[in-house]
Amino acid sequence: MSKTKSSEMLVMGLSGAKKITESICKYLKIKPIPTTISHFADGEIMVRPEIPVRYRNVTVVQSLTKPVNENLMELLIAIDALKRASAKSINVVMPYYAYARQDRKTLGREPITSKLIATLLERAGATRVAIVDIHSEQTQGFFDVPVDTLRAIFVTVREAVKKIHCSNLVIVSPDYGGIKRARTIAASLNLPLAILDKRRPSPNHAEISNILGNVKGKDCLISDDMIDTAGTIVAACKVLKDHGAKSINIAATHGILSDPATERLSKAVKSGVISNIFITNSIESVYDRKIPNMHICDLGKYLSEIIEVYYNENGSISQVYEHYQPKYVK
């Protein structure tokens with residue numbers, strides 16, 4: 001039987017987060033625990049840790065990316081396996097939480113699927129959950145176990161202000177829902193804020209009618225939680241350009257990049273509408289996208305520091321944030 005020291009930190013990486021788990025473990029100076037993940041011919045999944053986990057604190061890393069439902073089942077089965085193996089605690093770190101946009105009813109008979117996912121994770125046996133840049137903070141209320149909604153946007157913004165070397169920067173919120181995030185970034189950098197007046201008449205379609213704030217002659221940095229089909233973000237960039245923005249850069253956390261996002265963003269960069277795109281590896285398929293001037297920001301170090309707080313059972317998530325507060329020098 002394989003043995004491990006009781007003091008060793010245990011991190012399990014699943015299929016949707018292999019690269020980011022390797023990066024996390026590199027910074028923690030450990031190896032991911034050996035895990036068998038079997039996908040059978042009929043579609044069933046089996047997950048089994050190959051070392052004892054009894055009375056151990058285990059962190060499971062999984063992004064609910066394509067195939068979303070398969071990765072969700074893999075996560076639930078992994079949690080169940082750890083629970084039945086008598087793990088002391090099961091911390092779930094989710095770089096990307098799918099179904100987050102289904103967090104309320106907008107029409108009759110609609111589901112609140114984000115709440116359903118929270119219930120499934122709890123019932124499976126998760127004792128703590130960490131979610132990276134969730135679409136809406138209210139998702140925390142769907143859980144009855146401790147939840148940390150991590151702000152990884154600081155990682156992309158810090159990288160952006162280091163690389164774009166702009167002298168007249170303004171932070172832009174792409175909609176009213178992102179005002180809190182954009183205001184926090186603008187305040188930390190002591191920069192002005194602009195807000196796009198966006199309306200969404202249907203899914204994956206947005207209309208932008210107005211800009212609150214001055215962007216004429218400014219270098220704009222749009223902060224957003226995700227880019228899906230890129231229709232909204234490209235439309236926002238065009239509006240900023242039409243209002244006299246000098247340059248437009250994007251800092252986003254989740255690169256879902258559903259078709260035709262790659263084509264839209266590439267065209268916008270080549271035409272000079274977008275200058276740079278900074279995005280994290282919370283969704284690992286971003287590495288396969290060939291988009292000009294796209295910079296991928298690794299979350300491995302950031303998440304490793306979060307996991308250390310869990311493992312050591314002291315310290316503060318806020319202290320981790322302080323390391324990633326972006327600094328801007330004009």
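The values are calculated or read from the model by the stated rules, or taken from the named source; none is laboratory data. Values in this document were obtained by computation on a predicted structure and should not be read as measured data. Backbone-built Cβ (ideal geometry, glycine too); neighbour counts: all protein chains shown. Protein only, heavy atoms only, side chains kept; ligands, DNA and RNA dropped before computing areas. Shrake-Rupley method; radii C 1.70, N 1.55, O 1.52, S 1.80 Å.
Remarks
- The modelled label-to-label distance for the pair residue 107/residue 29, using points 7 Å beyond Cα in the direction of Cβ, is 5.6 nm.
- With Cα atoms defining each centre, region 92-152 and region 17-56 are spaced 22 Å apart in the structure.
- The modelled label-to-label distance between residue 80 and residue 167, using points 7 Å beyond Cα along the C-beta direction, is 6.2 nm.
- Both the radius of gyration and Dmax for region 222-294 are 11.2, 35 Å, in that order, over alpha-carbon atoms.
- Fraction in percent of alpha-carbon pairs per bin - 10 Å, region 57-201: 10, 33, 29, 20, 7, 1
- Overall shape of region 175-270 was characterised from the C-alpha gyration tensor. The equivalent ellipsoid obtained from it has semi-axes of 20, 15, 14 Å, in decreasing order.
- Accessible surface computed residue by residue for the chain, with neighbouring protein chains in place and a 1.4 Å probe, gives 47 Å² per residue.
- Solvent-accessible area, 1.4 Å probe, carbon plus sulfur percent, for region 134-292: 47 percent
- When only Cα pairs below 8 angstrom with a gap of at least 6 residues are kept, region 1-154 shows a relative contact order of 18 percent.
- For the chain, the alpha-carbon coordinates run over 66, 46, 35 Å along the three principal axes, in decreasing order.
- Dipole orientation for region 127-221: of the candidates 213, 130, 184, 213 has the Cα lying most toward the positive pole (charges on Cβ; Lys, Arg +1; Asp, Glu -1).
- Its Cα gyration tensor gives region 1-105 an equivalent ellipsoid, and the semi-axes of that ellipsoid, as √(5λ) in whole Å with the largest first, are 23, 16, 13.
- Three principal axis lengths of region 95-149 [C-alpha, angstrom, descending]: 33, 23, 16
- One quarter of the surface of the convex hull around the alpha-carbon atoms of region 63-120 equals 4.5 nm², the direction-averaged projected area.
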